[in-house]
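Okay, structure first, notes after.
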Amino acid sequence: MDEMGYQLVAATLRLMGSLPGPVRRKIAGIMGRLWFALDARHRNIALQNLHQAFSGEKSKKTIRRLARECFQDLSEIFFEIGWSLNRTPESLSRFITVRGLSHYRNAVNRKKGVLLLTLHLGNWELLSGVAAMAKIPVHVLYRPLDISALDLFFRRFRSRFGARLIPTARSMRRILRALRRKEAVAVLLDQNVDWYEGPFPEFFGKQACTNQGLALMALTTEAPVVPVYLVRNGDRFIAEFLEEIPLIRTGDRRKDLEENTRRYNRVLEAAIRRFPSQWLWVHQRWKTRPFCPWPRETD
């Protein structure tokens with residue numbers, strides 16, 4: 001049954017992706033505007049998040065425009081996934097410009113593996129293609145989707161160029177093995193988590209519960225953390241690797257986890273500020289509130 005569902009999803013996306021680029025973008029724009037108009041719940045979440053992030057910086061009119069563009073950009077992702085299904089890394093390279101790859105190469109030369117910090121910006125689903133283009137052996141942390149046919153599709157889509165997937169549950173042993181082999185592990189760190197999963201560093205001026213896992217991995221292994229994201233640029237894409245984020249060690253484990261996580265959030269916020277319409281504003285990033293102290297680690 002899952003295989004039938006997978007074939008249906010794949011066929012639908014291939015059809016969407018087979019349309020000429022201008023037609024894809026036109027239809028995605030229409031779909032996004034309809035989604036924005038009809039889905040009051042996610043529209044309100046996006047508007048509330050944008051007001052939280054840009055109140056005092058941008059007008060209400062601009063914030064509403066950014067929210068509408070967010071829905072259009074999210075709609076475009078599905079067409080782009082379908083378009084990329086028949087692409088090889090070589091053919092993708094004609095549409096994706098990679099910048100800052102030297103930052104990754106400098107990090108990998110440390111021979112401790114590399115932790116790639118990324119987020120739901122632009123079309124993050126094409127980053128596995130970028131890894132293949134750059135010949136980066138990468139493992140991707142992911143949470144299985146609730147709909148099994150969709151989960152099967154995205155597992156195959158994300159791994160089709162050689163990326164290996166690591167489910168977030170009980171993942172540490174596989175992550176450590178990958179880093180010992182001097183490979184890369186990609187972590188999406190821009191989503192809300194429960195209060196016991198990490199500290200509450202600021203994100204756009206408001207405390208946002210953030211998973212401590214990346215900071216814990218960096219402190220445990222000393223693997224360098226290199227941010228990377230992929231955004232749209234007209235009818236093309238730009239994948240950008242940023243400078244390694246220096247690891248902070250003070251001798252206080254809890255403070256180190258908090259400070260390094262705060263630095264990761266700061267880098268992600270800066271990327272979103274550069275491309276505000278391309279982030280996942282429909283996600284309830286500030287849902288978890290700090291109602292009790294964050295517990296200390298136990299040995």
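Each reported figure results from applying straightforward, stated rules to the coordinates on display, with no laboratory input. Since this is a predicted model, take the numbers as computed values, not measurements. FYI the Cβ positions are ideal-geometry reconstructions off the backbone, even for glycines, and counts take in every protein chain you see.
Exposure proxy ranking for SER277, SER55, based on other Cβ atoms within 10 angstrom of each Cβ and starting from the fewest, stands as SER55, SER277. Across the chain, Cα pairs under 8 Å and at least six residues apart give a relative contact order of 24 percent. Neighbour counts of C-beta atoms inside 10 Å place ARG174, ARG156, ARG25 in the sequence ARG156, ARG174, ARG25, starting with the fewest. For trypsin sites (Lys or Arg not before Pro), the sites in the stretch 45-125 that DSSP calls loop and that have at most 14 other Cβ atoms within 10 Å are ARG94, ARG110, LYS111. Only lysine pairs 8 or more places apart, or on different chains, with alpha-carbon atoms under 22 angstrom apart are counted in the stretch 2-278, and they number 8. When HIS51, HIS103 are sorted by how many other C-beta atoms sit within 10 angstrom of their C-beta, beginning with the fewest, the order is HIS51, HIS103. Using R₀ = 30 Å, calculate the FRET efficiency as 1/(1 + (r/R₀)^6) where r is the Cβ-Cβ separation of PHE95 and LYS287; round to 0.05. FRET efficiency, PHE95 to LYS287: 0.25. Considering helices alone, the calculated mean residue ellipticity of the chain at 222 nm is -15500 deg cm²/dmol, with DSSP H runs of length four and up weighted by -39500 (n - 2.57) and normalised per residue.
Given [x] 1.02; [y] 0.98; [z] 0.95 as candidate values of Rg/Rh (Cα atoms, Kirkwood Rh), which corresponds to the one derived from the coordinates? Correct label, based on the coordinates given: [z]. Under the classification rounded if a/c is under 1.5, otherwise prolate if a/b is larger than b/c and oblate if not, where does the stretch 1-158 fall, given a ≥ b ≥ c as square roots of the Cα gyration tensor eigenvalues? Taking the square roots of the gyration eigenvalues as a ≥ b ≥ c, the stretch 1-158 is oblate. Taking amide H as placed 1.01 Å from N in the peptide plane, the amide H of ILE166 sits under 5 Å from that of VAL140, LEU141, TYR142, each at least 5 places away or on another chain.
Taking amide H positions as modeled 1.01 Å from N, with prolines and chain starts lacking one, the residues under 5 Å from VAL114 and 5 or more places away or on another chain are GLU183, ALA184, VAL185.
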